[in-house]
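Structure, as structure tokens:
A short reminder: the numbers here are calculations on the coordinates, not readings from a lab. What you see is a predicted model; the values in this text were computed from it and never measured. Ideal geometry is used to build each Cβ from the backbone, glycine not excepted, and the neighbour counts take in all protein chains shown.
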Ligand code: IMP
């Protein structure tokens, strides 16, 4: 059994990661690891920088192998925006609906074939005494003209997954887990494929 601290306080994220990695892994949240009061500022210009900073900060505090993820949405027509600003696209503490509205406004009038996008997730694995390793997963799709579906979170209702002809918010959670950027990055980590 491999035990990792997850550089996050989000127990739901820890559950999701555990579900993807399977039985050979135990995932402790920051709270479980006794560093629940630490907030790492995500001020990097890439997903890689942010994920590495989070993992290394928590690893140094706990002395334990730590994983951290950073993820976001990159829209081709917007030159990769909102990218590392995905969570706060419409402002600090913006609600999902506000972020979605800003995105739809930015893409107003843009034809379907130019609305391509990728969800990106970078996982950093920081182990004491070893160089930090990075694993990148992507999920390709396109931004719809209006939200559709009730499941998921964030930008799921406007992210259309061509192969299944539905948005991520219309998918059963286990289907989304199988094709998501997060699961692609985690699977790379689980099989030891680094970059
Ligand atoms: P973070 O990795 O928690 O910083 O996530 C950044 C932001 O990207 C989140 O607040 C969401 O808005 C968005 N995001 C990341 N992954 C997903 C996803 O799977 N579906 C929808 N939105 C996502």
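Observations on the model:
- The simple spin-label model puts a point 7 Å past each Cα toward its Cβ; for residue 130 and residue 19 those points are separated by 2.7 nm.
- Burial order of peptide ranges 157-168, 17-28 (average beta-carbon count within 10 Å, highest first): 157-168, 17-28
- Nearest-0.05 FRET efficiency for residue 113 and residue 9, computed from C-beta distance (R0 45 Å): 0.65
- Cα→Cβ-extended label distance, 7 Å offset, between residue 102 and residue 46, nm: 2.4
- Using just its DSSP H runs of length 4 or more, each adding -39500 (n - 2.57), the chain gives a mean residue ellipticity at 222 nm of -8500 deg cm²/dmol after division by all residues.
- Spatial offset of the stretch 4-71 relative to the stretch 87-164 amounts to 20 Å, using the alpha carbon center of each.
- Label-point separation in nm, residue 60 to residue 32, each point 7 Å along Cα→Cβ: 2.5
- Relative packing of 46-52, 60-66, which averages over residues the other C-beta atoms within 10 Å, highest first: 46-52, 60-66
- The stretch 99-187: equivalent-ellipsoid semi-axes (sqrt of 5 x gyration tensor eigenvalues, Cα, Å): 28, 15, 11
- Taken over the alpha carbons of the chain as equal point scatterers, the Debye sum produces base-10 log I(q)/I(0) values at 0.10, 0.13, 0.14, 0.17 Å⁻¹ of -0.41, -0.69, -0.80, -1.13.
- Considering only alpha-carbon pairs that sit under 8 angstrom and 6 or more positions apart, the relative contact order computed for the stretch 2-192 is 19 percent.
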